[in-house]
Amino acid sequence: MAELTTNKQVLDWVEEVRALCKPDKVVWIDGSDEQLEALKQEAFASGEMTELNQEKLPGCMWHHTAKNDVARVENRTFICTGKKEDAGPTNNWMDPEEMKQKLRPLYDGAMAGRTMYVIPYCMGPIGSPFSKVGLETTDSIYVVLNMDIMARIGVKALEQLGDSNDFVRGMHAKANIDEENRYIVQFPEDNAIWSVNSGYGGNVLLGKKCFALRIASYQGWKEGWMAEHMLILGIESPDGQIDYVTGAFPSACGKTNLAMLIPPEIYKKQGYKVWTVGDDIAWMHIGPDGRLYAINPEAGFFGVAPGTNAKSNFNALESTRKKTIFTNVVLNKDDMTVWWEGLDKNPPENAIDWLGQPWNGKTSTEKGAHPNSRFTAPAANCPCISSEFENPAGVPITAMIFGGRRAKTAPLVYQSFDWKHGVFVGSIMASETTAAAAGAVGVVRRDPMAMLPFCGYNMGDYWQHWLNMGEKLGDKAPKIFNVNWFRTDDEGHFIWPGFGDNMRALMWILGRCKGTMEADETPIGYLPRAEDINIEGLSDVTIDTVRGLLSVDKDLWMEDAAGVEELYAKFGDRLPAEMRSQLDAQKARLSK
Ligand code: GTP
Ligand code: SPV
Ligand code: MN
């Protein structure tokens, strides 16, 4: 099929990739319904995808990946900058030329006998000055169909690009799905991504983590904006005013849930509403009025399936009822629908598990869905999608929230003293690891700004960039908070009900931004008074429970400071002096 553009830089690059991967043919993805429909039929015929019950789940498909290919692989993810120091101590690094030499043989002829798809895509609304274009070459129809949901693809993306050379060159090949030769490599200085030997989500949907976070964070640093691992939501007050909040939580720590929350009855009946702008990534620029504005560069949600149900996240579940791709969940053979742990108490008996094996939910002791199984759903399906979702200017941000899974240390919610202290609060984030990345689950590790796996440059420079943005924003900077929904009791049960009830913490946050809520000054920041967290309508939470959730154990915090010390020490002179003095000041406050 013919090329869709006359952009010489695009054509030259595609030709280069073709010559290396040696596919039988090259197909340019124009984004038309006919083309995508034909690709679906081809994937159904080959068994790559399975068509689901078209009455119950119109336009939906099921797919499972290889057993060894179910999550991001952080130890095989590289930031290849000319100088090692520019990737920083938290990224894997290799010299760009050396890496390319190492990887070229893996791509060489990898598409022989197959088709190479060229996917032009736009991250961000078409026409937005903040949007950016990428091209992905791939031999996977699964990738094409996912990219169609997650980004704006085809002719419109090429129109947005025009003759410009400012596009990200993403080269993906499934090759042999060989985990020993799996590489996810970013070349931020060349606007390039090389991904090979995987067919899974964040490794292969190159617009997402590889571009919209790793490459974009680097671009934002150079160009004066921010790319963050953040949800974006709007809270509408009864008077119709909408305040927008972003939240950075590590993978599988509640962004999708918070972004789509349904307010508890007490707030609903007063007229509060929540609108979703994004559930994973925010690109933020300073607007003409000096405030910080966020767009969601994505067009869909690549959300965690297990635990998603009508009660925990009704809006996410609704979003998956049509035109959705389900990856690594259970396939119910009786009615060709899907199931996962935590959906309901009625697992199918005649089913196929995430490994593609027969599975009986009534008798099996094994999980049917992989813990990191996901749905790819169009944002337009979401019942609470914001009317500003396509706004090219983005939405103004009132507050930013950091948070992670902390069984003990972090309180339910607190506010930083100011922007600089807020950058410190983000930098000391830690969280228990989840199934979203390969490796052990439940181990506490430091994850600054939830960006540890996603920062495309030296994190010391990244913190300095945050500090610089704060200088520019001045008193128009969003207020910065930290939350923790995951404190546990001695038996390991979550104390806070979470999900929709997280609105109760958001209301304190909004109150602080509007100057209507009090706070206590503590060594770690401003904390709510227990009586200021509304617990009306909660059966298992008393004011004493809230007191417990808000307690700050100084010994634990001092221990934690030692962990921060260790992290900071890795940066040498790339650590901004401000971060060091914030840590010293916090330690001094704690030991008083
Ligand atoms: P990525 O897509 O990986 O970046 O993750 P995410 O941050 O969007 O995660 P998501 O919202 O999908 O969270 C997934 C996990 O967090 C599920 O196991 C949820 O049950 C759990 N979770 C989300 N919100 C809460 C909460 O308020 N309380 C508790 N206890 N669990 C929560
Ligand atoms: C995450 O792991 O943070 C995700 C899923 O959002 S993936 O796209 O696979 O990275
Ligand atoms: Mn994520």
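Tabulated data for the structure shown
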{"quantity": "Under-5 Å amide H pairs with D520, H placed in peptide plane, nonlocal only", "calculated": "L527, R529"}
{"quantity": "Listed residue (T337, N165, I295) projecting farthest to the positive dipole end of the chain, Cβ model", "calculated": "I295"}
{"quantity": "For V27, residues with placed amide H under 5 Å, excluding near neighbours", "calculated": "M116, Y117, V118"}
{"quantity": "Carbon plus sulfur fraction of accessible area for the stretch 411-454, probe 1.4 Å, in percent", "calculated": "58 percent"}
{"quantity": "Whole-Å distance, taken between Cα centres, linking the stretch 294-354 and the stretch 212-256", "calculated": "24 Å"}
{"quantity": "Rounded accessible area per residue of the chain, 1.4 Å, Å²", "calculated": "37 Å²"}
{"quantity": "Distance from the stretch 54-131 to the stretch 262-287 (C-alpha centre basis), Å", "calculated": "31 Å"}
{"quantity": "DSSP bridge pairs, the chain: antiparallel proportion in percent, nearest 5", "calculated": "65 percent"}
{"quantity": "Long-range lysine pairs (8 or more apart or interchain), the stretch 80-212, Cα under 26 Å", "calculated": "24"}
{"quantity": "Top positive-direction residue, dipole computed over the stretch 70-212 with Cβ charges, set I149, I119, N181", "calculated": "I149"}
{"quantity": "³J(HN,Hα) computed for each position of the stretch 101-114 - Karplus, 6.51 cos²θ - 1.76 cosθ + 1.60, integer Hz, glycine/proline x", "calculated": "5, 5, 8, 3, x, 6, 8, 4, x, 5, 10, 4, x, 10"}
{"quantity": "Dipole moment magnitude, nearest 20 debye, the stretch 51-90 about Cα centre, only Lys, Arg, Asp, Glu C-beta charged", "calculated": "160 debye"}
{"quantity": "The chain: relative contact order as a whole-number percent, Cα under 8 Å and 6+ apart", "calculated": "14 percent"}
{"quantity": "In order through the stretch 439-453: 3J(HN,Hα) via Karplus (6.51 cos²θ - 1.76 cosθ + 1.60), integer Hz, x for Gly, Pro", "calculated": "x, 5, 10, x, 8, 6, 9, 6, 9, x, 6, 6, 10, 3, x"}
{"quantity": "Accessible surface of the stretch 1-139 [probe 1.4 Å, protein heavy atoms]: carbon and sulfur percent", "calculated": "49 percent"}
{"quantity": "Per-residue HN-Hα couplings for the stretch 290-305 [Karplus 6.51, -1.76, 1.60; θ = phi - 60°; Hz; x = Gly/Pro]", "calculated": "x, 8, 8, 10, 10, 10, 9, x, 9, 10, x, 10, 10, x, 5, 7"}
{"quantity": "Size of charge dipole - the chain - debye, nearest 20, with Cβ of Lys, Arg +1 and Asp, Glu -1, no other charges", "calculated": "340 debye"}
{"quantity": "Options S195, T137, G403, ranked by Cα towards positive dipole end of the chain, top entry (Cβ charges)", "calculated": "G403"}
{"quantity": "For the chain, calculated [θ]222 nm from helices alone, where every DSSP H run of n ≥ 4 adds -39500 (n - 2.57)", "calculated": "-8000 deg cm²/dmol"}
{"quantity": "Carbon + sulfur, % of accessible area of the stretch 141-239 - ligands and nucleic acids excluded, 1.4 Å", "calculated": "38 percent"}
{"quantity": "Relative contact order (%) - criterion: Cα under 8 Å, at least six apart; region: the stretch 430-553", "calculated": "12 percent"}
{"quantity": "Prolate/oblate/rounded call for the stretch 341-425, Cα gyration tensor, a/c under 1.5 rounded", "calculated": "oblate"}
{"quantity": "Test item: Cα-centred dipole of the stretch 499-543, Lys/Arg +1 and Asp/Glu -1 on Cβ, debye", "calculated": "200 debye"}
{"quantity": "Relative packing of peptides 583-591, 490-498 - highest average C-beta neighbours within 10 Å first", "calculated": "583-591, 490-498"}
{"quantity": "Taking the stretch 169-261 and dividing mean pair separation by its residue count, relative contact order in percent (alpha carbons under 8 Å, at least six apart)", "calculated": "18 percent"}
{"quantity": "Set of aspartates and glutamates with alpha-carbon distance to K40 below 19 Å, sequence-local pairs under 8 removed", "calculated": "D30, E48, E51, E55, E136, D139, D148"}
{"quantity": "Projected area averaged over orientations for the chain, convex hull of C-alpha atoms, nm²", "calculated": "25.7 nm²"}
{"quantity": "Peptides ranked, highest mean first, by Cβ atoms within 10 Å: ranges 201-214, 366-379, 2-15", "calculated": "201-214, 366-379, 2-15"}
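The values are calculated or read from the model by the stated rules, or taken from the named source; none is laboratory data. Fair warning: this is a prediction, and the values are worked out from it, not measured in the lab. Here the Cβ is made from the backbone with ideal geometry for all residues, glycine too, and neighbour counts use every protein chain on show. Surface areas here come from the heavy atoms of the whole protein model, side chains and all, with no ligands, DNA or RNA. Shrake-Rupley method; radii C 1.70, N 1.55, O 1.52, S 1.80 Å.
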